[in-house]
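Read the structure below first, then the notes.
The values are calculated or read from the model by the stated rules, or taken from the named source; none is laboratory data. Note that this is a predicted model, so its numbers are computed, not measured. Here the Cβ is made from the backbone with ideal geometry for all residues, glycine too, and neighbour counts use every protein chain on show. Surface accessibility is based on the protein's heavy atoms, side chains included, excluding ligands, DNA and RNA. Shrake-Rupley method; radii C 1.70, N 1.55, O 1.52, S 1.80 Å.
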Amino acid sequence: MKHRILQIGPITPSVDARLARDYDVTPLWQQPEPAAFLAEHGARFEGVAVHLRDACGAPLLEALPNAKVVANFGVGYDKIDVEAAKRLGMQVSNTPRVLDGCVADLAMGLAIDVARGISTTDRFVRAGGWKSGQRPLMTRVHGKNMGLLGFGGIGQAVARRAAGFDMAVRYHSRRPVENAPQRHEPSLVELAKWADFLVVACPGGPQTRHLVNAEVMDALGPAGILINIARGSIVDEAALVRALQAGRLGGAGLDVFENEPHVPEAMLDMDNVVVLSHIAGFTRESRADMERLVCDNLDAYFRSGHVMTPV
Ligand code: GLV
(Lines give C-alpha, C1' and ligand atoms only; values in the text may rest on other atoms or scores of the structure.)
Protein backbone atom coordinates (compact mmCIF):
# COMPACT_ATOMS: atom_id res chain seq x y z
CA MET A 1 0.00 0.00 0.00
CA LYS A 2 1.40 3.39 -0.98
CA HIS A 3 1.44 6.17 1.59
CA ARG A 4 -1.10 8.90 0.96
CA ILE A 5 0.44 12.30 0.27
CA LEU A 6 -1.25 15.64 -0.22
CA GLN A 7 0.64 17.79 -2.73
CA ILE A 8 -0.24 21.47 -2.35
CA GLY A 9 0.89 22.66 -5.80
CA PRO A 10 3.03 21.43 -8.70
CA ILE A 11 6.72 21.16 -7.72
CA THR A 12 8.77 20.23 -10.80
CA PRO A 13 7.95 17.65 -13.49
CA SER A 14 10.57 15.27 -12.11
CA VAL A 15 9.45 15.60 -8.45
CA ASP A 16 5.81 15.32 -9.47
CA ALA A 17 6.62 12.15 -11.44
CA ARG A 18 8.69 10.56 -8.63
CA LEU A 19 6.01 11.31 -6.05
CA ALA A 20 3.30 9.93 -8.32
CA ARG A 21 5.37 6.76 -8.81
CA ASP A 22 6.13 6.15 -5.14
CA TYR A 23 3.09 7.55 -3.32
CA ASP A 24 -0.65 7.80 -3.58
CA VAL A 25 -0.64 11.54 -4.37
CA THR A 26 -3.61 13.89 -4.32
CA PRO A 27 -2.98 17.24 -6.06
CA LEU A 28 -4.74 19.83 -3.92
CA TRP A 29 -4.45 22.50 -6.62
CA GLN A 30 -6.65 20.43 -8.90
CA GLN A 31 -9.53 20.32 -6.41
CA PRO A 32 -12.26 22.79 -7.38
CA GLU A 33 -12.97 23.57 -3.68
CA PRO A 34 -9.73 22.92 -1.74
CA ALA A 35 -11.15 23.93 1.67
CA ALA A 36 -14.25 21.75 1.29
CA PHE A 37 -12.08 18.91 -0.02
CA LEU A 38 -9.78 19.13 3.02
CA ALA A 39 -12.70 19.25 5.44
CA GLU A 40 -14.05 16.03 3.93
CA HIS A 41 -10.86 14.11 3.12
CA GLY A 42 -8.08 15.69 5.23
CA ALA A 43 -7.84 12.71 7.57
CA ARG A 44 -6.73 10.43 4.70
CA PHE A 45 -3.31 12.02 4.32
CA GLU A 46 -0.11 10.85 6.00
CA GLY A 47 2.18 13.53 4.61
CA VAL A 48 2.46 16.75 2.63
CA ALA A 49 4.73 17.84 -0.22
CA VAL A 50 4.94 21.56 -0.89
CA HIS A 51 6.84 23.99 -3.15
CA LEU A 52 8.42 26.97 -1.39
CA ARG A 53 6.01 29.38 -3.13
CA ASP A 54 2.84 27.69 -1.80
CA ALA A 55 1.28 28.65 1.52
CA CYS A 56 0.96 25.96 4.15
CA GLY A 57 -0.68 27.76 7.06
CA ALA A 58 -2.20 26.52 10.31
CA PRO A 59 -5.78 25.99 8.96
CA LEU A 60 -4.47 23.71 6.22
CA LEU A 61 -2.24 21.76 8.60
CA GLU A 62 -5.02 21.46 11.16
CA ALA A 63 -7.21 19.84 8.49
CA LEU A 64 -4.69 16.97 8.24
CA PRO A 65 -4.85 15.17 11.60
CA ASN A 66 -2.96 12.09 10.39
CA ALA A 67 -0.21 13.85 8.41
CA LYS A 68 3.02 13.84 10.38
CA VAL A 69 5.50 15.09 7.77
CA VAL A 70 5.69 18.20 5.58
CA ALA A 71 8.45 18.10 2.94
CA ASN A 72 9.29 21.52 1.50
CA PHE A 73 10.96 22.00 -1.89
CA GLY A 74 13.24 24.93 -1.06
CA VAL A 75 15.70 25.96 1.60
CA GLY A 76 13.33 28.77 2.62
CA TYR A 77 10.15 27.67 4.38
CA ASP A 78 8.58 31.00 5.30
CA LYS A 79 5.23 29.99 3.76
CA ILE A 80 4.91 27.06 6.20
CA ASP A 81 3.60 27.72 9.69
CA VAL A 82 6.35 25.66 11.33
CA GLU A 83 5.14 26.46 14.84
CA ALA A 84 1.68 25.09 14.03
CA ALA A 85 3.24 22.04 12.37
CA LYS A 86 5.35 21.29 15.44
CA ARG A 87 2.37 21.83 17.75
CA LEU A 88 0.49 19.28 15.65
CA GLY A 89 3.36 16.81 15.94
CA MET A 90 4.51 17.15 12.33
CA GLN A 91 8.13 17.04 11.17
CA VAL A 92 9.02 19.68 8.58
CA SER A 93 11.94 19.29 6.17
CA ASN A 94 13.55 21.70 3.71
CA THR A 95 16.37 21.42 1.15
CA PRO A 96 19.37 23.10 2.83
CA ARG A 97 23.00 23.24 1.70
CA VAL A 98 22.44 21.96 -1.84
CA LEU A 99 21.83 25.45 -3.21
CA ASP A 100 24.05 27.55 -0.93
CA GLY A 101 26.84 27.83 -3.51
CA CYS A 102 24.56 28.86 -6.36
CA VAL A 103 22.76 31.47 -4.25
CA ALA A 104 26.12 32.83 -3.08
CA ASP A 105 27.39 32.95 -6.67
CA LEU A 106 24.39 35.04 -7.62
CA ALA A 107 24.85 37.38 -4.65
CA MET A 108 28.37 38.13 -5.91
CA GLY A 109 27.03 38.47 -9.44
CA LEU A 110 24.48 41.03 -8.33
CA ALA A 111 27.06 42.94 -6.29
CA ILE A 112 29.37 43.16 -9.29
CA ASP A 113 26.53 43.97 -11.67
CA VAL A 114 25.19 46.88 -9.61
CA ALA A 115 28.64 48.26 -8.78
CA ARG A 116 30.11 47.93 -12.27
CA GLY A 117 26.92 48.37 -14.31
CA ILE A 118 27.05 45.14 -16.32
CA SER A 119 23.32 45.02 -17.11
CA THR A 120 23.04 48.73 -17.84
CA THR A 121 26.13 48.66 -20.06
CA ASP A 122 24.72 45.69 -21.93
CA ARG A 123 21.52 47.68 -22.55
CA PHE A 124 23.63 50.69 -23.60
CA VAL A 125 25.64 48.67 -26.15
CA ARG A 126 22.57 46.93 -27.56
CA ALA A 127 20.87 50.30 -28.01
CA GLY A 128 23.86 51.52 -30.04
CA GLY A 129 24.99 53.99 -27.34
CA TRP A 130 28.71 53.05 -27.62
CA LYS A 131 28.90 54.51 -31.12
CA SER A 132 28.38 57.97 -29.71
CA GLY A 133 29.69 57.84 -26.17
CA GLN A 134 30.86 55.90 -23.14
CA ARG A 135 29.29 54.90 -19.84
CA PRO A 136 30.08 56.81 -16.64
CA LEU A 137 32.76 55.53 -14.27
CA MET A 138 31.44 52.96 -11.85
CA THR A 139 32.49 51.53 -8.47
CA ARG A 140 35.27 49.09 -7.55
CA VAL A 141 34.17 45.84 -5.90
CA HIS A 142 37.36 44.19 -4.64
CA GLY A 143 38.79 45.35 -1.36
CA LYS A 144 35.47 46.79 -0.14
CA ASN A 145 33.53 46.02 3.05
CA MET A 146 30.81 43.40 2.83
CA GLY A 147 28.19 43.13 5.57
CA LEU A 148 26.07 40.00 5.76
CA LEU A 149 22.66 39.89 7.36
CA GLY A 150 22.44 36.19 8.24
CA PHE A 151 25.39 33.85 8.55
CA GLY A 152 24.02 30.38 7.86
CA GLY A 153 25.11 28.20 4.96
CA ILE A 154 24.36 30.85 2.34
CA GLY A 155 25.87 33.76 4.28
CA GLN A 156 29.05 31.78 4.91
CA ALA A 157 29.27 30.79 1.23
CA VAL A 158 29.02 34.49 0.29
CA ALA A 159 31.75 35.28 2.85
CA ARG A 160 34.10 32.72 1.26
CA ARG A 161 33.54 34.24 -2.16
CA ALA A 162 33.99 37.78 -0.82
CA ALA A 163 37.36 36.72 0.64
CA GLY A 164 38.43 35.89 -2.92
CA PHE A 165 37.65 39.51 -3.80
CA ASP A 166 39.87 40.73 -0.94
CA MET A 167 36.83 42.06 0.85
CA ALA A 168 36.53 42.54 4.60
CA VAL A 169 33.47 40.69 5.91
CA ARG A 170 31.38 41.19 9.03
CA TYR A 171 27.97 39.76 9.81
CA HIS A 172 24.86 40.31 11.87
CA SER A 173 22.80 37.38 13.13
CA ARG A 174 20.84 36.51 16.26
CA ARG A 175 23.94 35.03 17.84
CA PRO A 176 27.60 34.83 16.84
CA VAL A 177 28.56 31.72 14.89
CA GLU A 178 31.07 29.69 16.89
CA ASN A 179 34.62 29.64 15.52
CA ALA A 180 33.78 31.99 12.64
CA PRO A 181 36.80 34.21 11.98
CA GLN A 182 34.58 37.04 10.72
CA ARG A 183 33.45 39.65 13.23
CA HIS A 184 29.87 39.44 14.54
CA GLU A 185 28.21 42.87 14.66
CA PRO A 186 25.37 42.98 17.22
CA SER A 187 23.74 46.01 15.59
CA LEU A 188 22.43 45.80 12.02
CA VAL A 189 22.56 49.60 11.70
CA GLU A 190 26.24 49.62 12.74
CA LEU A 191 26.94 46.83 10.24
CA ALA A 192 25.24 48.86 7.49
CA LYS A 193 27.27 51.98 8.43
CA TRP A 194 30.49 50.00 8.05
CA ALA A 195 29.49 48.11 4.87
CA ASP A 196 29.84 49.12 1.23
CA PHE A 197 27.69 46.11 0.29
CA LEU A 198 24.97 44.74 2.56
CA VAL A 199 23.87 41.25 1.53
CA VAL A 200 20.59 39.92 2.92
CA ALA A 201 21.01 36.18 3.53
CA CYS A 202 18.76 35.35 6.49
CA PRO A 203 15.49 33.38 6.56
CA GLY A 204 12.21 35.13 5.76
CA GLY A 205 9.04 34.99 7.87
CA PRO A 206 7.46 37.15 10.58
CA GLN A 207 10.63 37.33 12.72
CA THR A 208 12.71 39.03 10.05
CA ARG A 209 9.97 41.10 8.34
CA HIS A 210 11.28 44.56 7.37
CA LEU A 211 14.53 44.11 9.31
CA VAL A 212 16.10 46.16 6.53
CA ASN A 213 14.19 49.39 7.07
CA ALA A 214 14.78 53.06 6.23
CA GLU A 215 17.23 53.43 9.13
CA VAL A 216 19.37 50.55 7.86
CA MET A 217 19.26 51.93 4.30
CA ASP A 218 20.29 55.39 5.50
CA ALA A 219 23.17 53.80 7.41
CA LEU A 220 24.30 52.02 4.24
CA GLY A 221 24.14 55.40 2.58
CA PRO A 222 24.34 57.04 -0.86
CA ALA A 223 27.36 54.96 -1.90
CA GLY A 224 26.09 51.72 -0.37
CA ILE A 225 24.63 48.80 -2.29
CA LEU A 226 21.93 46.47 -0.96
CA ILE A 227 21.78 42.90 -2.27
CA ASN A 228 18.83 40.64 -1.46
CA ILE A 229 19.00 36.97 -2.38
CA ALA A 230 16.91 35.79 0.59
CA ARG A 231 13.25 36.83 0.84
CA GLY A 232 11.51 40.04 -0.22
CA SER A 233 9.73 40.32 3.13
CA ILE A 234 13.02 41.10 4.93
CA VAL A 235 13.36 44.46 3.16
CA ASP A 236 10.80 47.26 3.51
CA GLU A 237 10.28 47.63 -0.23
CA ALA A 238 8.37 50.93 -0.09
CA ALA A 239 11.19 52.41 2.01
CA LEU A 240 13.72 51.00 -0.45
CA VAL A 241 12.02 52.72 -3.40
CA ARG A 242 11.96 56.01 -1.46
CA ALA A 243 15.64 55.69 -0.48
CA LEU A 244 16.66 54.96 -4.09
CA GLN A 245 14.52 57.79 -5.49
CA ALA A 246 16.00 60.26 -3.02
CA GLY A 247 19.57 59.07 -3.67
CA ARG A 248 19.93 58.09 -0.01
CA LEU A 249 21.01 54.60 -1.13
CA GLY A 250 23.54 53.93 -3.87
CA GLY A 251 21.93 50.93 -5.55
CA ALA A 252 20.29 47.56 -5.15
CA GLY A 253 20.55 44.07 -6.60
CA LEU A 254 17.35 42.17 -5.97
CA ASP A 255 16.47 38.57 -6.73
CA VAL A 256 13.41 38.58 -4.45
CA PHE A 257 10.48 40.91 -3.78
CA GLU A 258 7.76 41.40 -1.23
CA ASN A 259 4.93 40.46 -3.54
CA GLU A 260 6.36 38.22 -6.28
CA PRO A 261 6.08 38.34 -9.23
CA HIS A 262 5.27 42.04 -8.71
CA VAL A 263 8.31 44.34 -8.97
CA PRO A 264 7.76 47.99 -7.97
CA GLU A 265 7.23 49.96 -11.18
CA ALA A 266 9.58 52.75 -10.04
CA MET A 267 12.55 50.35 -9.93
CA LEU A 268 12.23 49.41 -13.58
CA ASP A 269 13.56 52.79 -14.69
CA MET A 270 16.49 52.86 -12.27
CA ASP A 271 19.91 52.08 -13.74
CA ASN A 272 21.37 51.54 -10.27
CA VAL A 273 18.97 48.67 -9.62
CA VAL A 274 19.25 45.13 -11.02
CA VAL A 275 16.08 43.09 -10.77
CA LEU A 276 15.91 39.32 -11.18
CA SER A 277 13.08 36.83 -10.93
CA HIS A 278 13.95 34.73 -7.83
CA ILE A 279 16.48 32.60 -9.71
CA ALA A 280 19.36 32.39 -7.23
CA GLY A 281 19.02 28.71 -6.38
CA PHE A 282 17.77 27.63 -9.72
CA THR A 283 20.57 26.12 -11.70
CA ARG A 284 20.17 22.71 -13.29
CA GLU A 285 22.60 21.28 -10.75
CA SER A 286 21.01 22.74 -7.61
CA ARG A 287 17.53 22.01 -8.80
CA ALA A 288 18.38 18.34 -9.37
CA ASP A 289 19.79 18.13 -5.83
CA MET A 290 16.71 19.85 -4.39
CA GLU A 291 14.44 17.49 -6.31
CA ARG A 292 16.24 14.49 -4.87
CA LEU A 293 16.28 15.86 -1.34
CA VAL A 294 12.60 16.77 -1.08
CA CYS A 295 11.66 13.20 -2.11
CA ASP A 296 14.42 11.58 -0.02
CA ASN A 297 13.05 13.40 3.02
CA LEU A 298 9.61 11.89 2.52
CA ASP A 299 11.09 8.44 1.86
CA ALA A 300 13.27 8.69 4.99
CA TYR A 301 10.29 9.72 7.11
CA PHE A 302 8.17 6.78 5.97
CA ARG A 303 11.10 4.37 6.31
CA SER A 304 12.53 5.49 9.65
CA GLY A 305 10.13 7.99 11.21
CA HIS A 306 12.64 10.84 10.71
CA VAL A 307 13.20 13.31 7.89
CA MET A 308 16.83 13.82 6.84
CA THR A 309 16.97 17.61 6.96
CA PRO A 310 14.52 18.87 9.59
CA VAL A 311 13.91 22.59 10.03
C1 GLV B 1 14.67 29.46 -2.80
O2 GLV B 1 14.29 30.58 -2.67
C3 GLV B 1 14.62 28.51 -1.74
O4 GLV B 1 14.16 28.83 -0.66
O5 GLV B 1 15.06 27.36 -1.95
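Could you please state how large a percent of the accessible area of the chain is carbon and sulfur, counting protein chains only and using a 1.4 Å probe? Carbon with sulfur: 53 percent of the solvent-accessible area. Summary of the geometry: the range 141-174 and the range 264-290, compared by the centres of their Cα atoms, lie 20 Å apart. Of 295, 102, the residue with the largest accessible area leads and the full order is 102, 295 (1.4 Å probe). Expressed as a fraction of 2.2 N^0.38 Å, the C-alpha radius of gyration for the range 126-229 is 1.23. Averaging 1/r over each pair of different alpha-carbon atoms in the range 149-202 and inverting the result gives 11.1 Å, the Kirkwood hydrodynamic radius. Excluding ligands, DNA and RNA, the accessible surface per residue across the chain is 48 Å² with a 1.4 Å probe. Across the chain, the volume of the C-alpha convex hull divided among the residues equals 150 Å³ per residue.
With respect to the chain, whose longest principal axis is taken over its alpha-carbon atoms, helix 13-22 is tilted by about 20°.
Seen against the Cα atoms of the chain and their longest principal axis, helix 153-164 is set at about 30 degrees.
Across the range 36-47, coupling constants 3J(HN,Hα) worked out from phi with the 6.51/-1.76/1.60 Karplus curve, θ = phi - 60°, read 5, 4, 5, 4, 7, 10, x, 5, 5, 8, 9, x Hz, and Gly and Pro carry x. For the range 297-311, 3J(HN,Hα) computed residue by residue from phi via the Karplus equation (6.51, -1.76, 1.60; θ = phi - 60°) reads 4, 5, 4, 5, 4, 6, 7, 10, x, 9, 6, 7, 10, x, 9 Hz, glycine and proline entered as x. Here residue 268 sits with roughly 100 square angstrom of accessible surface, probe radius 1.4 Å.
Computed on protein heavy atoms with a 1.4 Å probe, the accessible areas place 4, 53 in the order 53, 4, largest first. Under a model in which nothing but the beta-carbon of Lys, Arg (+1) and Asp, Glu (-1) is charged, the chain shows a dipole of about 660 debye around its Cα centre. Descending by average beta-carbon neighbour count within 10 Å, the peptides 150-157, 122-129, 106-113, 82-89 line up as 106-113, 150-157, 82-89, 122-129, the highest first.
At q = 0.17, 0.31, 0.34 Å⁻¹ the log10 of I(q)/I(0) for the range 18-64 amounts to -0.51, -1.45, -1.46, computed by Debye summation with a single uniform scatterer per C-alpha, solvent ignored. Highest-first packing order for the peptide set 9-21, 249-261 is 249-261, 9-21, based on the mean count of other beta carbon atoms within 10 Å. Under 5 Å between amide hydrogens, built in the peptide plane, is the criterion, and for residue 49 it picks out 6, 7, 8, 71 among residues at least 5 positions away or on other chains. The mean of 1/r over all distinct Cα pairs in the range 100-275, once inverted, gives the Kirkwood hydrodynamic radius of 16.2 Å.
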